[in-house]
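All remarks here apply to the structure that follows.
Every read-out reported here was derived from the displayed coordinates using simple, explicitly stated rules and does not represent laboratory data. Note that the structure is a prediction, hence the values are computed from the model and not measured. Cβ placement follows ideal geometry from the backbone for every residue including glycine, while neighbour counts extend to all protein chains displayed.
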Amino acid sequence: MTWTKSRSVAVVGVGHSRLVRDQTPLPILALEAATRAIADCGLTPADIDGVATYPAPAGAPYREDIDVVGVEGMVHYAHLTNVRWLSQVNLGLVVAAMTEAVHAIASGACQNALVWKTMRAPARHNRGPCDAVETTERPSSLATGSAQYVAPYGVTSALQWAAMKFENYLRTYHADREAMSAVVLNARANAVINENAIFHGRPLTAEEYASSEMVAAPLRLHDCDIPVTGAIAVLLTSAEIAKDMPHPPAYIASIGVNGFRERRTLNYTLADHIETGGRLAAQLWRDAGLGPSDMGSAQLYDGFSPSVWYWLEAAGFCGRGEASKFASADRTCLTGELPINTFGGSLSQGRMHGMGHIAEAALQVMGRGGSRQVDRADAVCMFDGSPMVRGGGLVLSRS
Amino acid sequence: MRPRPCPDELSAGFWEAVDRHMLSIQRCSACNLYQHPPQWSCDACGSLDLRLEEVSGDARVHSWVTTYRPLAAGFHGQLPYTAVCVGLVEQDNLYLLTDLPVGVNERDLEIGAPARVKFVDYDGFALPQFAIEPGCLR
């Protein structure tokens with residue numbers, strides 16, 4: 001089937017909080033992002049009748065108002081007095097919350113929906129979630145659940161799994177490991193000119209990348225996203241109302257999240273990643289009536305740099321095993337044929353688990369990218385996730 | 001010290017076999033698919049009729065990661081260490097995360113290198129680890 005509500009909802013407002021690496025309370029930053037997104041399209045808090053967020057993955061321990069700001073917190077802090085529809089999802093990524101809001105508006109459940117994502121940098125910057133097993137040393141720890149098969153071998157971090165997939169990729173396709181430099185340096189170059197990036201004004205050289213600390217070989221420190229504390233919000237409304245808003249709308253041409261039936265849990269293969277991402281991308285292209293060649297830019301999740309290569313292949317921008325050559329500096333820079341992560345990505349804007357990518361896709365389509373604006377932004381795609389686990393994506397268009 | 005695996009309803013049989021130095025993998029009685037870790041239903045056909053079946057213990061190296069930072073409990077004193085993902089020879093895409101009883105330089109590893117299960121006893125539990133024939137390292 002094809003989605004029947006394509007382009008019936010649009011992003012009309014974007015708001016970033018400061019992204020910080022200090023003890024600023026998260027509610028202050030969540031309020032900053034929400035206030036800016038609402039004001040960005042000329043609305044007031046009383047106009048917001050729908051809210052959705054994705055605070056954290058299912059099972060992740062978090063404290064409301066400290067580690068995340070959920071629906072109840074946001075309604076309180078932003079003084080949203082007229083909310084009639086809300087959703088707080090824990091499956092997927094923030095694209096899942098976006099999808100909920102889009103469907104709510106398209107079905108008439110609400111009119112103006114605020115969607116946001118808050119992130120808090122962990123106190124210990126040990127990079128990578130550790131499910132079920134703590135990273136602090138304890139004399140006799142027990143490995144339960146899925147960790148029982150991996151923690152006894154010292155593998156509990158997403159970073160280690162990403163490294164294993166990447167090793168397999170490099171060998172399978174005889175890819176040049178150092179070609180990843182283009183992805184990382186491109187992200188940093190774009191962040192340097194993005195005032196909403198933690199690395200604004202802080203360039204990275206090829207030498208610094210090549211010599212950066214090995215964390216989990218073959219991944220280096222600069223292949224990992226940078227933990228930040230902050231919030232990013234967008235404002236969605238129906239296409240009819242969007243026409244009269246201050247900024248040109250970024251229509252939701254398609255949006256969706258992955259379903260993945262097989263349960264190999266900890267044994268997902270590289271092929272699983274790319275094939276599953278491919279199924280999602282095919283659905284998004286079909287629903288949007290657009291394809292890879294129509295995209296003026298691609299915002300690709302980059303919690304770890306190899307995900308950019310995987311998404312390029314999964315979404316059909318290049319063939320399987322070709323991404324290391326395809327994602328050259330010339331092609332992916334702001335003036336290239338396919339500008340990627342024009343805002344700096346999670347690698348250099350900061351770890352916002354996809355919300356930064358969504359906000360940037362909207363700003364580019366609205367023509368509000370400023371010094372980062374790409375020439376051809378009639379349509380921009382965003383793909384979220386690794387790509388398989390909790391994958392999602394959307395295509396935004398000017399018409 | 002390595003974290004000790006904590007068996008549950010699904011995994012008890014697997015770990016009991018490991019304690020007896022046997023590698024037993026869940027298999028579907030209806031379509032014969034092997035799957036690991038154990039689940040409640042068959043990934044391929046959905047059958048609920050699953051059993052544990054001893055496998056040969058022969059595998060091939062699929063991938064690996066060498067960890068340099070203290071990311072996992074019990075390994076802070078082992079840095080750097082290499083974990084290996086092996087594919088059991090019984091079936092395609094039947095992977096097990098493991099490591100090698102004798103440390104090897106990860107630069108010597110090759111995808112497809114033959115590996116064989118070797119059980120190692122720790123304090124109160126055993127783990128399947130995999131040994132690579134020295135002749136099969138680069």
The stretch A:194-301: C-alpha gyration tensor shape, a/c 1.5 cut-off, then a/b vs b/c: oblate
Those chymotrypsin sites (Phe, Trp or Tyr not before Pro) in the stretch B:1-102 that DSSP places in a loop and that have at most 15 other beta carbons within 10 Å: B:TRP40
Simple label model, 7 Å out from Cα along Cβ direction - B:TYR122 to A:LEU221, nm: 2.9
Between the stretch B:4-83 and the stretch B:111-126, the alpha-carbon center distance in angstrom: 12
From phi via Karplus (6.51, -1.76, 1.60), per-residue ³J(HN,Hα) for the stretch A:208-215 in Hz, x at Gly/Pro: 5, 5, 4, 9, 5, 4, 6, 9
Inter-label distance for B:ASN32 and A:ALA210, nm, one decimal - labels placed 7 Å from Cα along Cα-to-Cβ: 5.3
Sites matching chymotrypsin sites (Phe, Trp or Tyr not before Pro) across the stretch A:14-106 that sit in DSSP coil, with at most 16 neighbouring C-beta atoms within 10 Å: A:TYR62
The stretch A:290-389: GluC sites (Glu not before Pro) in DSSP coil with no more than 16 other Cβ atoms inside 10 Å: A:GLU322, A:GLU337
Ranking of A:ILE66, A:ILE255, B:ILE132, A:ILE241 by count of other Cβ atoms within 10 Å, fewest first: A:ILE66, A:ILE241, B:ILE132, A:ILE255
Expected 222 nm ellipticity per residue - DSSP helices of 4 or more, -39500 (n - 2.57), all of the protein assembly as shown, to 500: -7000 deg cm²/dmol
Unit charges on C-beta of K, R, D, E only; dipole of the stretch B:1-100, Debye: 420
Spacing of the two label points (7 Å from each Cα toward its C-beta) at B:LEU79 and A:ASP244, in nm: 6.0
A:LYS325/B:LEU48 FRET efficiency (R0 56 Å; Cβ-Cβ; nearest 0.05): 0.75
Shape category assigned to the stretch A:66-107 from the gyration tensor of Cα positions, a/c cut at 1.5: oblate
Residues B:GLU133 and A:ASP176, FRET efficiency given R0 of 35 Å [Cβ-Cβ distance, rounded to 0.05]: 0.75
Alpha-carbon centroid distance for the pair the stretch A:54-86 / the stretch A:210-235, whole angstrom: 25
Cα gyration tensor shape of the protein assembly as shown, rounded if a/c is under 1.5, else prolate or oblate by comparing a/b with b/c: prolate
Estimated dipole of the protein assembly as shown in Debye, rounded to 20 [Cβ of Lys and Arg +1, of Asp and Glu -1, Cα centre]: 560
Entries of A:LYS165/B:LYS118; A:LYS5/A:LYS165; A:LYS5/A:LYS325; A:LYS117/A:LYS243 with Cα pairs more than 30 Å apart: A:LYS5/A:LYS165; A:LYS5/A:LYS325
Signed unit charges on C-beta, dipole axis of the stretch B:1-126, positive-most listed residue B:GLY57, B:TYR34, B:PRO3: B:PRO3
Residues A:GLU275 and B:ASP58, FRET efficiency given R0 of 25 Å [Cβ-Cβ distance, rounded to 0.05]: 0.40
Charge dipole of the stretch A:27-114 about the Cα centre (unit charges at C-beta), most positive-ward option of A:ILE28, A:GLY92, A:ILE66: A:GLY92
Charge dipole of the stretch A:165-224 about the Cα centre (unit charges at C-beta), most positive-ward option of A:ASN168, A:ALA206, A:ASN196: A:ASN168
Distant-in-sequence amide H partners of A:ASN258 (H built 1.01 Å from N, under 5 Å): A:GLY391, A:GLY392
Fewest-first sequence of A:MET366, B:MET22 by Cβ atoms within 10 Å of each Cβ: B:MET22, A:MET366
The stretch A:302-398 - charge dipole about Cα centre, Lys and Arg +1 at Cβ, Asp and Glu -1, debye rounded to 20: 140
